[in-house]
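First up is the structure itself, then whatever we jot down about it.
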Amino acid sequence: MRLGKRCVYFNEYNLRMGRMCYLPIVSGLLRAYAETSERVRAAYRFMPFIYHLDSLPNILAQYVEAPDVAAFSLSMWNEQLNLRVAEEVKRRWPKCLIVVGGPQVPHEPAEYFARHPFLDVAVRAEGEEPFRAILERRLDGGDFASIPGVTWRDPHGGALRANQGELPYKKSLEDYPSPYLTGLYDDLMATQNEDLEFQAIVETNRGCPFPCTFCYWGRGGLTRRYRFHDQGRVFAEIDWAGRNRIRYLFNADSNFGMHERDSEIAQFIVETKRKYGYPDKFRTCYGKNTDEKIFRIGSLFHRHNLEKGITLARQSNDLQVLKNIRRQNIRMETYRNLQMRFNDEEIPIYTELILGLPGETIETWTSGLDELLMAGLRNQLFVYNCQIYPNTELNEPEYRRRFGIQTRRIELNEIHGSVRDAAWVPEFEEMIVGTDSMPHDEWRRMAVFSWLTMVFHSMKIGYYVLIYLLDRFSIRPSELLSWLAEERYPAGQGGLLRRELADFRRILDRMLIEGKGRGTVMPEYGDVYWDVEEASFLRIAEDLDRFYEELNAVLASFLVERCAAFDAGELRDVIRYQRARIPGCAPLAVVHHEFSWNLPEYFDRRFTTRPVPLEAVPQSLTCRPVDYAGDKSRFARETILWGRKSGTMLVPVEWTSVAEPSAIAYSV
């Protein structure tokens with residue numbers, strides 16, 4: 001006869017980002033619904049959440065009492081750690097029921113169970129109702145037949161059994177209590193101190209109507225139709241976040257802004273910040289086929305300093321590629337209009353492309369980049385390597401064969417996450433490194449080209465140069481960037497640029513040959529992983545004057561090779577303006593500039609609805625740089641971690657047109 005209550009442990013190892021960590025939302029949702037069962041409340045005791053990455057011994061030390069059930073939420077950043085902990089828990093307590101779920105667990109898990117014989121139960125997609133039923137059936141002997149979405153190992157012989165049925169569709173999510181509002185995080189919130197600060201995730205709905213082949217949301221999540229949380233509950237959770245001084249609030253909706261009520265939710269977030277001063281920032285994934293709603297919500301968030309940048313994701317600009325991945329994009333004309341409107345309001349936006357998608361070629365990739373940059377993307381372009389996730393069409397053998405997909409498994413470095421301790425269990429990602437349409441050698445060329453594109457455009461190292469060449473000489477961005485990436489400039493020129501390109505290729509070799517991750521560790525800039533282009537920016541920023549002196553010579557060689565009639569003085573002034581806008585760890589030596597051309601106004605208005613031509617009109621520029629006093633960690637944190645998506649990387653300036661009698665100063 002069992003004495004006392006059975007212990008249940010939740011394992012949800014979230015990333016650490018310095019002193020920041022997410023509250024364990026999955027564990028909280030599972031427990032909150034499980035406790036709606038009187039039988040569960042009477043029979044089980046829920047142990048404290050185990051909620052962030054740590055070493056194996058430290059996690060196992062939190063098992064202070066023998067577990068009856070151990071539940072694990074598997075994501076890419078914690079899959080191997082989950083498996084190691086689960087295996088050791090099973091070894092120490094053989095009668096413990098090991099339950100796994102999450103996007104990394106295959107929906108058809110027979111092979112997964114064979115490789116990991118310590119697993120007992122796997123849950124497909126949403127877990128609240130299956131997990132409560134598992135706990136109840138556990139009390140009756142452990143027969144999990146008829147529980148939708150569950151695969152389990154028969155305890156009376158070990159045979160694998162599966163229920164193919166899914167949960168019935170219910171439009172409302174009101175049956176699932178909120179872990180925030182039921183007090184499940186109160187103990188954790190009481191532990192916040194100088195060493196730990198919590199971030200939170202809220203969801204207003206579940207589901208995604210878009211079946212993108214690379215994404216788990218619409219297909220793997222098994223929720224193509226939307227289901228909604230009551231708006232009162234959503235408001236109450238946002239208020240909870242404000243009262244509890246949650247600085248960073250992430251929204252787990254797939255397409256925020258698609259529904260009419262999203263504007264009301266956005267307004268409530270603003271009112272909550274006014275009331276409490278929190279949340280400081282709100283991050284969401286915006287809808288894919290809306291425009292006016294996105295503009296209204298983005299403008300509202302920007303006015304109240306809430307947004308972390310507005311996402312207008314593309315993934316690819318090629319129609320055949322989009323067809324291959326079952327993706328619908330905002331129409332390019334709509335995209336351009338949104339760009340201009342956001343630019344007029346000085347609202348930062350960014351877009352995303354994925355390198356390696358099936359059907360992409362060198363020609364479609366470079367022309368797609370040109371199309372985006374020439375459409376007026378002022379803030380950020382993010383190029384991601386295409387990752388392959390379980391339970392997506394991209395992962396299916398037939399789909400891989402159809403497009404000749406080649407992959408490489410590399411170590412996972414969570415960009416901007418804390419550098420992994422040597423004692424931690426390593427994690428991995430699988431990424432595409434070649435397809436029939438972009439063989440491996442070509443993919444490698446495009447990887448270097450894309451990193452350089454982000455250095456010049458996204459990190460702003462050559463942003464104004466790209467605009468100038470396009471306008472003055474009709475030179476598309478890819479023409480210059482390809483020329484630079486392939487080092488076609490004269491020997492002896494561009495020493496710092498050659499150094500960065502050599503580093504890009506070294507990183508590729510480490511990834512492709514040694515299986516190392518792409519993240520760069522730079523201890524003097526903080527204990528986080530930096531992405532390739534970010535690390536390049538930090539190195540260049542240590543010697544900006546030399547870099548731009550070299551770049552001026554390289555660009556002159558490029559224009560000579562192109563037989564372009566250029567004014568050397570005008571080019572040097574463009575380089576001087578470009579240099580003035582890039583922050584450095586050390587303060588700028590020159591903060592006031594006089595130009596013979598209207599470069600400040602021209603660059604400021606180029607991608608707005610009020611552009612002006614480049615003319616020989618004298619203008620002056622005054623820079624207002626932040627003095628970081630040589631503090632490299634602060635410099636990296638404020639320019640990249642805080643500034644990259646928020647559009648605040650550039651040095652603030654004021655400019656005055658000498659020709660204007662009133663000498664009005666304009667701030668940028």
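The values are calculated or read from the model by the stated rules, or taken from the named source; none is laboratory data. Computed from a prediction, not measured in an experiment: that's the story for all the values here. We place every Cβ from the backbone using ideal geometry, glycine too, and count neighbours over all the protein chains shown. When the accessible area is computed, the model is the full protein with side chains, heavy atoms only, and any ligands, DNA or RNA have been set aside. Shrake-Rupley method; radii C 1.70, N 1.55, O 1.52, S 1.80 Å.
Taking first residues from the range 546-560 that are under 22 Å from residue 476 (Cβ atoms) and partners that are small (Gly, Ala, Ser) and open to solvent by less than 30 Å² (accessible area, probe 1.4 Å), the Cβ contacts under 7 Å between residues at least 6 apart in sequence or on separate chains come to 554/494. Contact annotation: residue pairs with Cβ atoms under 7 Å, 6 or more positions apart or on different chains, pairing a residue in the range 109-129 that is open to solvent by 20 Å² or more (accessible area, probe 1.4 Å) with a partner that is among the charged types (D, E, K, R) and in a helix (DSSP H, G or I), are 118/87; 118/90.
Just a yes or no: is a residue in the range 533-550 charged (D, E, K, R) and within 20 Å of the chain's Cα centre (by Cα)? Scanning the range 533-550 turns up at least one residue that is charged (D, E, K, R) and within 20 Å of the chain's Cα centre (by Cα). Applying a threshold of 7 Å to beta carbon distances and a minimum spacing of six or more residues, or different chains, the list of pairs starting in the range 420-443 at a residue that is in a loop (DSSP other than H, G, I, E, B) and ending at one that is among the charged types (D, E, K, R) and at pLDDT 95 or above reads 425/84; 426/411; 427/79; 437/360; 438/360. If you go through the range 164-220 and keep only what is β-branched (Val, Ile, Thr), within 29 Å of residue 314 (Cα to Cα) and in a loop (DSSP other than H, G, I, E, B), you end up with 204, 213. Annotation note: of 452, 470, the sole residue that is open to solvent by less than 20 Å² (accessible area, probe 1.4 Å) and not in a loop (DSSP other than H, G, I, E, B) is 452. Taking the conditions exactly as written (open to solvent by 20 Å² or more (accessible area, probe 1.4 Å) and closer than 22 Å to residue 344 by Cβ), does residue 615 satisfy them or not? It is true that residue 615 is open to solvent by 20 Å² or more (accessible area, probe 1.4 Å) and closer than 22 Å to residue 344 by Cβ.
The criterion of being in a helix (DSSP H, G or I), surrounded by fewer than 20 Cβ atoms within 10 Å (Cβ to Cβ) and out of contact with any His (no Cβ under 8 Å at 6 or more places or on another chain) does not hold for residue 447.
If you go through the range 6-49 and keep only what is modelled with pLDDT of 95 or more, assigned to a loop (DSSP other than H, G, I, E, B), surrounded by fewer than 23 Cβ atoms within 10 Å (Cβ to Cβ) and not hydrophobic (A, V, I, L, M, F, W, C), you end up with 35, 36, 37, 48.
For the range 619-635, check the following and say yes or no: at least one residue is closer than 30 Å to residue 531 by Cα, in contact with a helix residue (DSSP H, G or I) (Cβ under 7 Å, 6 or more places away or on another chain), among the charged types (D, E, K, R) and assigned to a loop (DSSP other than H, G, I, E, B). No, there is no match, as no residue in the range 619-635 is closer than 30 Å to residue 531 by Cα, in contact with a helix residue (DSSP H, G or I) (Cβ under 7 Å, 6 or more places away or on another chain), among the charged types (D, E, K, R) and assigned to a loop (DSSP other than H, G, I, E, B). Checking each residue in the range 328-347 for being open to solvent by less than 20 Å² (accessible area, probe 1.4 Å), under 26 Å from residue 446 (Cβ atoms) and either aliphatic (A, V, I, L, M) or under 19 Å from the mean Cα position of the chain (by Cα) (or both) picks out only 330. Considering 70, 122, 66, the condition of being small (Gly, Ala, Ser), under 28 Å from the mean Cα position of the chain (by Cα) and not in a helix (DSSP H, G or I) is satisfied by 122 alone. Out of the residues in the range 117-154 that are small (Gly, Ala, Ser) and in contact with a Gly (Cβ under 9 Å, 6 or more places away or on another chain), which is modelled with the highest pLDDT? This residue is 122.
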